[in-house]
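Note sheet for the following structure.
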Amino acid sequence: MIHQSIKKGIEFINKSQLPNGSFDSYSSKSTKFRNTTVHSSPFFTAIILSCLNSLDSNRDLELIKKKAAKFLLTQKSNNWSFNYWTRGSRDSIEKPYPDDLDVTFCALAAIYGYDQTIISGKVLADAVGLLTLLEAEVGGPYRTWVVSNDSAPAWKDVDCAVNSNIAYF
């Protein structure tokens, strides 16, 4: 029974995956989730890949994971930070956000779960550099947004969920 449900889930995910390896995300102002808006964000691809990494592998699942990991790797900055919006997307232009540690550490965890060899010593050094730059106190907790110390206070929030994702990685 569970194997059949997983198989159907993988089939659905396979049909939902976009050619670039990402997955659309949807938002709505309605609690009944009507009049949705489609967005492109590496965050959802990272979460989906992380979940898929725990499943027993087969050819279809490996292809989905490979495409998702490849997409995520196109979204990293030179210092391995990630943005909520897909780089170059309409949302990234209309509602620009700085990179953030939430998406960054979810993406790093997903990539690591897919193929540990991608997360090299240099990648880990970049991640530690980001944490050092954004620590609210020595050793954490860490601020969400990858911004300079002289940024507006609104960009210096400390979020429990973000810090949980950092700790997960």
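The values are calculated or read from the model by the stated rules, or taken from the named source; none is laboratory data. All values derive from a computational prediction rather than experimental measurement. Here the Cβ is made from the backbone with ideal geometry for all residues, glycine too, and neighbour counts use every protein chain on show. For accessibility, only protein heavy atoms count, side chains too; no ligands or nucleic acids. Shrake-Rupley method; radii C 1.70, N 1.55, O 1.52, S 1.80 Å.
Basic side chains Lys and Arg get +1 at the Cβ, acidic Asp and Glu get -1 at the Cβ, and with that the dipole of the stretch 1-147 about its Cα centre reaches some 600 debye.
Amide H contacts for S22 (H built 1.01 Å from N in the peptide plane; partners 5 or more residues away or on another chain; cut-off under 5 Å): none found. Sorting Y168, Y97 on solvent-accessible area from highest to lowest, probe radius 1.4 Å, gives Y168, Y97. The distance from the alpha carbon centre of the stretch 131-145 to that of the stretch 44-86 is 25 Å, rounded to a whole number.
Expressed as a rounded percentage, what relative contact order does the stretch 1-120 have, with Cα pairs under 8 Å and six or more residues apart? Let's see the in-between values first.
Working: 149 pairs, mean separation 30.5, N = 120.
That works out to 25 percent.
Which order do the peptides 54-63, 28-37, 13-22 come out in when sorted by mean C-beta neighbours inside 10 angstrom, highest first?
Working: 54-63: 11.0, 28-37: 9.1, 13-22: 14.4.
Highest mean packing first, the order is 13-22, 54-63, 28-37.
Here the dipole of the stretch 74-169 is about 240 debye; that uses its Cα centre as origin and unit charges on the Cβ of Lys and Arg (positive) and Asp and Glu (negative).
Given the -39500 (n - 2.57) contribution per DSSP H run of 4+ residues, what per-residue ellipticity at 222 nm results for the chain, rounded to the nearest 500 deg cm²/dmol? Intermediate results must be reported in sequence, preceding the final value.
Values: 7 runs with 84 residues, N = 169.
Computed ellipticity for the chain at 222 nm equals -15500 deg cm²/dmol.
If each residue of separation counts as 0.36 nm, what is the full-extension length gain between T74 and K7 once their alpha-carbon separation is subtracted? My answer for the length gained is 21.3 nm.
Its convex hull of Cα atoms gives the stretch 90-169 a direction-averaged projected area, equal to a quarter of the hull surface, of 6.1 nm².
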